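Values in this text are rule-based calculations from the coordinates and carry no lab data. Quantities reported herein were computed from a predicted structural model and do not represent experimental measurements. Quick reminder, even Gly has a Cβ in these numbers, built from the backbone with ideal geometry, and neighbours come from all protein chains shown.
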Amino acid sequence: MINKFILFLAFVWFTNAAMGQEVYPDKSIPSNIPKLFGKGVLSDGLSNRDFTISPANDEIFFTLQQPRFLSSTILQMKKIDGKWRKPLVAPFSGKYRDLEAFFTPDGKSIYFSSDRPVSGTTPKKDFDIWKINRLPNGKWGTPMHLDTMVNTDKDEFYPSVAKSGNLYFTVEAAYGKGKEDIVMCSPVKDGYSKPVSLSEAVNSPNYEFNPFIDPDERFIMFTSFGRKDDLGGGDLYISHKDKDGNWLPARHLPAPINSAGIDYCPYVTRDKKYLIFTSNRANPEFSDLKTKTYQQLKNILASPGNGSDDIYWVKFDSNW
């Protein structure tokens, strides 16, 4: 009887502890209509964009940018004692223009894009992909520049890594199919294989960028600009693989996920419950500017939904 009582108390304690854990820095779970994610923190009226979270759901990175790309800084949030703490500048960011951090599926490394110099102190004129490993003490090591098979004299953006180690990213390349392409390269003994542009099921003569690859490479989400079904400045699309491993023609995600603004930087949580993405869509409540006072206008311009980049989340639908 005593043992049963002890087990009961342990169960109650574990349940309460689990309930006290904040899985995400937002307790307002979304439906199939996008809503601001982490309002007041990750979405606060400034230009906040892209998102990645560790497999243990205890560390987040996202990017804070100045208008006109004058600065771009990766911020870090940590969960301590079950509670999310305020963002801080990531230990490897803050000096150069950094953005688009991505956790590898095992959580041991982060990839990101940066204009930091490969050598010396002068920033590069283009953006390259970098990798940083987690040290045994839990801290992050020194960023490493990926080899010239990946990085070129053009911009490389938005790295996304599968369990296989395959690296997907955005590049403007002569071997591409359009103005910007999504490409993939595989890990080899001395670095990476030559990047290959994904098929016409994904890439087009227009712009394709910001790929998120499913860890098992069953689907890929990305943004494209210039297609006939584009609702605005760039929309989200998804392509699945068929049984033979070929990409199927990409499907346009429905409104209200896509909007008249730009919708980009997709990220799907590992449990496949939520799609987290960036959008500069405007809050429709702010559209009637004629009735606003000066103070109301100031409040609008300092609020999420003011036309700057915000981070949103929505329930992920496996039927997309």
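A Förster distance of 45 Å, applied to the separation of the beta-carbon atoms of Lys83 and Ser164, puts the FRET efficiency at 0.80. Taking 7 Å steps out from each Cα toward its Cβ at Asp244 and Lys95 produces label points 5.1 nm apart.
A convex hull fitted to the Cα coordinates of region 186-261 yields 111 cubic angstrom per residue. Using only side-chain charges placed at the Cβ, +1 for Lys and Arg and -1 for Asp and Glu, the dipole size of the chain relative to its Cα centre rounds to 920 debye. The ellipsoid equivalent to the alpha-carbon distribution of the chain has semi-axes of 31, 27, 22 angstrom, derived from the gyration tensor eigenvalues as √(5λ) and listed largest first. Among the listed pairs Lys154/Lys315; Lys79/Lys315; Lys95/Lys315; Lys125/Lys315; Lys194/Lys243; Lys35/Lys78, a Cα-Cα separation exceeding 32 Å is found for Lys154/Lys315; Lys95/Lys315; Lys125/Lys315.
Legend: P(r) of region 150-221 from all alpha carbon pair distances, 5 Å bins from 0, whole percents, reading 3, 18, 30, 27, 16, 5, 1. With contacts taken as Cα pairs under 8 Å and at least 6 residues apart, region 99-232 reaches a relative contact order of 18 percent. Alpha-carbon geometry of region 53-110: the Rg and the Dmax are 12.0, 38 Å, given in that order.
With the convex hull drawn over the C-alpha atoms of region 209-320, the volume per residue is 109 Å³. Residues whose amide H comes within less than 5 Å of that of Leu75, counting only those at least five positions distant or on another chain, are Phe62, Thr63, Leu64, Ala90 (H built at 1.01 Å from N in the peptide plane).
3J(HN,Hα) along region 94-104, derived from phi through the Karplus expression 6.51 cos²θ - 1.76 cosθ + 1.60 where θ = phi - 60°, amounts to x, 9, 10, 7, 10, 6, 6, 5, 9, 6, 5 Hz, with x in place of Gly and Pro.
Note on Lys108: aspartates and glutamates with a C-alpha under 15 Å away, same-chain residues under 8 apart excluded, are Asp58, Glu59. Where both bridge residues fall in the chain, DSSP classifies roughly 95% of the beta bridges as antiparallel.
Ellipticity at 222 nm from helices only: DSSP H runs of n ≥ 4 in the chain, each -39500 (n - 2.57), divided by the residue count, give -2500 deg cm²/dmol. Rg and Dmax of region 64-190, both derived from C-alpha coordinates alone, stand at 15.3, 50 Å.
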